[in-house]
Structures are given as C-alpha cells and as structure tokens.
Amino acid sequence: MSRITNKEKLEMCVGCEDNFYNGNNPYGVSRCWHFTDAKVKMRKQVGMNDVPPWTHQPVIKTLSCYHKKGYVFVDSNQER
C-alpha cells in the first residue's frame, strides 16, 4: 500500500481502544505507542461470538494495531 500521512493515519485510529493515547486524555500523552509502526492492512472484523466460517464479514482497511472491544481482526482471506 502507498504511504499515508500522519493525519490520515490518525483518522484511521478513530474507534480504536488505544485512540485514548492520541491526545484524547487528560494526562498529556500525545501519541499512542503503536502509531509510528502502524501499517495499513486489509482485514476482517470478526465478532467474538461469530462462528466460522467468516465468509460474510466484509474486508475493511484498518491499521495493523487497531483493536476494538468485542472483536478480533483477522487476515482478509481467513475464514476460520
């Protein structure tokens, strides 16, 4: 994938549990520790209670470090 700007990367952090550390806190922490090394990836967002095969989940563009409560993120071609 092509390089993206830090602004575009920050926009992809919205909804991530660790976005709290991107300046969205009262503690003065301005950047998430994953931010610098994060890469754009195509993955599936799978609910913790979803049973395989995961063929009905759409493939979405996320950062490699993105995580969300109640979900796991798997490779775009993974079905089990």
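The values are calculated or read from the model by the stated rules, or taken from the named source; none is laboratory data. On a predicted model such as this, the values are computed, not experimentally measured, just so you know. Methodologically, a virtual Cβ is constructed for each residue, glycine included, from the backbone with ideal geometry; neighbour enumeration extends over all protein chains shown.
Values as computed for the structure displayed
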quantity	calculated
Filter result (assigned to a loop (DSSP other than H, G, I, E, B) and surrounded by fewer than 16 Cβ atoms within 10 Å (Cβ to Cβ)) within the range 6-32	Val14, Gly15, Gly23, Asn24, Asn25, Pro26, Tyr27, Gly28, Val29, Ser30, Arg31
Selection count, the range 62-78, where residues are exposed (fewer than 13 other Cβ atoms within 10 Å of the Cβ) and either out of contact with any helix residue (DSSP H, G or I) (no Cβ under 7 Å at 6 or more places or on another chain) or farther than 19 Å from Phe20 by Cα (or both)	4
Residue match in the range 44-60 (condition: closer than 28 Å to Thr5 by Cβ, among the charged types (D, E, K, R) and surrounded by fewer than 16 Cβ atoms within 10 Å (Cβ to Cβ))	no
Cβ pairs under 6 Å, 6+ apart, first in the range 56-80 and closer than 22 Å to Leu10 by Cα and of a type in the set (A, V, I, L, M), second exposed (fewer than 15 other Cβ atoms within 10 Å of the Cβ) and modelled with pLDDT of 95 or more	Val59/Met42; Val59/Ser76
Flag if Lys41 is under 14 Å from the mean Cα position of the chain (by Cα), part of a strand (DSSP E or B), among the charged types (D, E, K, R) and surrounded by 15 or more Cβ atoms within 10 Å (Cβ to Cβ)	yes
Any chance Phe35 is surrounded by 12 or more Cβ atoms within 10 Å (Cβ to Cβ), out of contact with any strand residue (DSSP E or B) (no Cβ under 7 Å at 6 or more places or on another chain) and within 16 Å of Gly15 (Cβ to Cβ)	yes
